[in-house]
Structures are given as C-alpha cells and as structure tokens.
Amino acid sequence: MSKKILIELVDDFELWERYLDQFPEANFLQSSSWKTFQGKMGKKVWAVRLYDSKQPKNKTSLALALVVAENAKRAKYLTIAGGPLLNWQNKDRQLIIQSLLDYLKKIAEDEKISFLRLRPQVLSTPELHNFFKQLGFQQSPMHLTADLTLQLDLSQSEEALLAQMRKNTRYEIRRAQKIGISTRFSKNPADIQAFYEAQLDLAKRQNFVPFSYQFLYQQFLAFLEHDQVALIHSYYQDQLLASAFVIFYRQEAVYHYGISTLANLKLPGSYACQWAAIREAKARGLSTYNFWGISPANKSQHRFAGVSLFKRGFGGKEVAYLPAQDFPFSSNYFLVKTFELLRKKVRKL
C-alpha cells in the first residue's frame with residue numbers, strides 16, 4: 001500500500017515556527033514573520049504542511065511550504081521562496097512534491113493562477129535539476145530570491161575574519177575607525193522613511209526599480225516584533241553615509257537591503273556598516289552572516305557586479321542554491337516566460 005500524504009494549513013505563528021525546527025536550513029523567507037509581512041502587503045498566503053497519514057499528526061512534517069500569491073501585471077502566480085522545505089534525500093520526495101503540486105493546482109484554479117515559481121533551500125546539483133525537469137518544471141527565466149549567495153562563518157574570531165578579507169576591505173574597515181566614522185543601530189520604524197528616500201536617490205543614480213515605502217516598512221515591522229531586524233547606519237560628522245537592513249533569524253543574519261549616499265563615495269561608510277552588522281551577529285551567537293545575492297564572478301557586465309565585488313571583499317563561502325523553477329498551470333505561462341527573458345536581457349541580469 002502506497003504512502004498517503006495529508007495536507008493542512010497552519011495559521012498559528014508559534015506552531016509554524018515549531019514545525020520549522022525540523023528543518024535547520026529554513027531561513028526568514030519561510031518564517032512566520034515573513035508570512036505576517038506578506039499578509040500586511042495584501043497578498044494571500046498559505047502556510048502548507050504535508051505529513052504522513054500513518055504518523056501522529058503533530059509529530060513530524062514531510063514538507064513545509066510558505067506559498068504567496070503574486071498579482072503582477074504580466075500574470076498572477078504563486079511563489080515559494082526558500083522552499084519547499086523537505087528532506088531531499090527522502091525516497092518519497094517525488095510523491096511529496098507531486099502531492100504539493102496537486103494541492104496548489106486547486107488553488108490555481110480558484111485564484112486564476114498561471115504558474116508556480118519556487119526556489120528550494122537546497123544546493124544546486126545536476127541530479128536535482130533533472131528531478132524537477134522530470135516533474136514538469138522549467139528553469140525560471142528570472143530569479144525568485146538569491147540563488148548565488150555569499151556566507152561568512154561566524155565561528156571564527158574577529159581577528160580571523162579580518163585576516164581572510166581582501167586587503168583593501170580590511171584597510172577600509174580600519175580607516176573608518178581611524179577617521180571617526182560611527183555606526184548606530186536602530187529599531188525605530190520611523191527610520192524607514194529616511195532609508196526609503198535614500199534608496200530613491202540611489203535608484204536614480206544606478207537605474208534600478210526601488211522597493212516601495214510600504215514594502216520596506218511592513219517588512220521591518222513584521223520582523224521587529226520578534227527582535228529579528230535592525231537598521232545599521234554609518235555617519236561621518238553626523239552626515240549619513242550608508243545603511244544596512246539586516247534580518248536576524250534563527251542562526252543566520254542576512255544583509256537584505258542596503259543604501260549609500262553621495263557622501264559615501266569617498267568614505268568607507270559601507271564597510272563600517274557591514275563590519276558592525278557582522279559583529280552584532282556574532283554577539284547574538286549566530287553561526288552565519290549571509291551577504292545575500294551576488295552575481296557570478298565571470299560576469300563583469302552583470303548589473304550587480306559592482307556590489308558583488310564589494311561583498312566578496314569580506315571573504316566567506318559562495319553557496320549556490322538550485323535556481324528558481326517554474327511549473328506552468330496554464331498556456332499563458334509561455335508568454336510570461338518570453339517577456340521575462342527579454343526583460344532579463346535589458347536589465348543585464
């Protein structure tokens with residue numbers, strides 16, 4: 001008799017977090033705080049749990065997936081960023097993913113969804129690429145969340161962390177200290193306004209689409225409630241140089257967003273921010289500082305090549321997750337894919 005997989009929706013904040021305890025790789029994108037944030041943005045969110053019918057209901061989970069409905073101009077689609085979470089060595093993984101797909105197909109019918117886009121929290125391998133291909137997935141033309149990341153092991157001493165940095169990075173950190181650049185931590189939601197305005201200026205200079213104020217504000221509030229976020233600012237003579245929006249979740253600190261001002265161009269404010277964030281993560285007893293997305297080292301024309309060079313200066317290990325995968329629910333997906341391929345080329349991504 002084949003295994004029967006049951007599915008339930010989890011609405012309780014703490015219960016979902018307890019289920020996440022089973023998956024050490026879970027990051028903030030599958031957290032209850034992220035679910036709260038997405039709900040505040042007016043999106044439909046489903047916290048989906050799959051479990052074995054033969055096991056006690058609350059004992060173990062076969063898989064977890066925080067599913068968000070995105071209502072873009074090009075199409076409505078579902079996303080699972082940093083998930084689904086499951087044991088990818090499980091012999092029943094195909095049954096588990098197929099059960100999840102069957103469940104999401106019903107949601108897709110009700111919500112008129114074109115496709116599913118997911119980016120699992122699992123390292124990229126040819127075998128996993130083939131696994132998803134056999135299930136009917138296609139590699140997404142766009143990323144869903146950071147696929148290639150740079151992660152720093154915080155078990156090392158501060159001296160060891162400094163020693164592994166690029167010479168120029170280490171020099172700029174020490175120069176910031178020498179010339180009196182200060183850093184300040186903020187948990188004040190009102191500071192998001194200044195962060196947002198600085199982001200608008202930066203977007204004009206670097207030609208990118210900025211996040212909305214509500215996107216930044218509601219995200220900050222959702223993680224702030226559980227002391228999982230902070231803004232880290234650097235100043236020179238009371239003039240703002242740079243800011244970092246850092247999420248502290250479980251054993252990882254994530255440099256999620258950042259801004260720099262014109263005054264920072266000739267001063268090492270961004271270096272001071274990152275070093276302060278790394279030290280804060282160590283003080284919290286976290287194991288990893290995640291610089292988040294970087295561009296491939298061999299793509300010098302990539303839009304994020306400059307900031308990636310900056311991040312790589314701090315050392316760390318490059319971690320490549322399985323790229324985003326799409327599962328079409330309707331033929332409209334193929335029009336969306338063509339559009340996104342063209343946009344990717346234009347944006348140099």
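Descriptive notes on the structure:
- Scan of the range 189-214 for residues that are farther than 26 Å from Lys266 by Cα, out of contact with any Phe, Trp or Tyr (no Cβ under 9 Å at 6 or more places or on another chain) and in contact (Cβ under 8 Å) with a residue 12 or more places away in the chain, ordered by number: Gln214
- Among residues that are under 14 Å from Trp275 (Cβ atoms), hydroxyl-bearing (Ser, Thr, Tyr), outside any helix (DSSP H, G or I) and in contact (Cβ under 8 Å) with a residue 12 or more places away in the chain, Tyr235 is not included.
- Of the residues making up the range 264-277, not one is outside any loop (DSSP other than H, G, I, E, B), open to solvent by 30 Å² or more (accessible area, probe 1.4 Å) and in contact with a strand residue (DSSP E or B) (Cβ under 6 Å, 6 or more places away or on another chain).
- Restricting the range 135-173 to residues that are polar (S, T, N, Q) and free of Cβ contacts under 8 Å to residues at least 12 places away in the same chain, the residue that is surrounded by the fewest Cβ atoms within 10 Å (Cβ to Cβ): Ser157
- Which listed residue, of Ala222, Ala176, Ala244, Ala253, is more than 19 Å from the chain's Cα centre (by Cα) and among the aliphatic types (A, V, I, L, M): Ala176
- Considering residues of the range 113-148 that are under 18 Å from the mean Cα position of the chain (by Cα) and of a type in the set (D, E, K, R) only, the residue nearest to Gln89 (Cα to Cα): Arg119
The values are calculated or read from the model by the stated rules, or taken from the named source; none is laboratory data. What you are looking at is a predicted structure, and each value in this text was computed from that prediction instead of being measured. All Cβ positions, glycine included, derive from the backbone under ideal geometry; neighbour counts span all protein chains shown. Note: areas computed on protein heavy atoms with side chains; ligands, DNA, RNA excluded. Shrake-Rupley method; radii C 1.70, N 1.55, O 1.52, S 1.80 Å.
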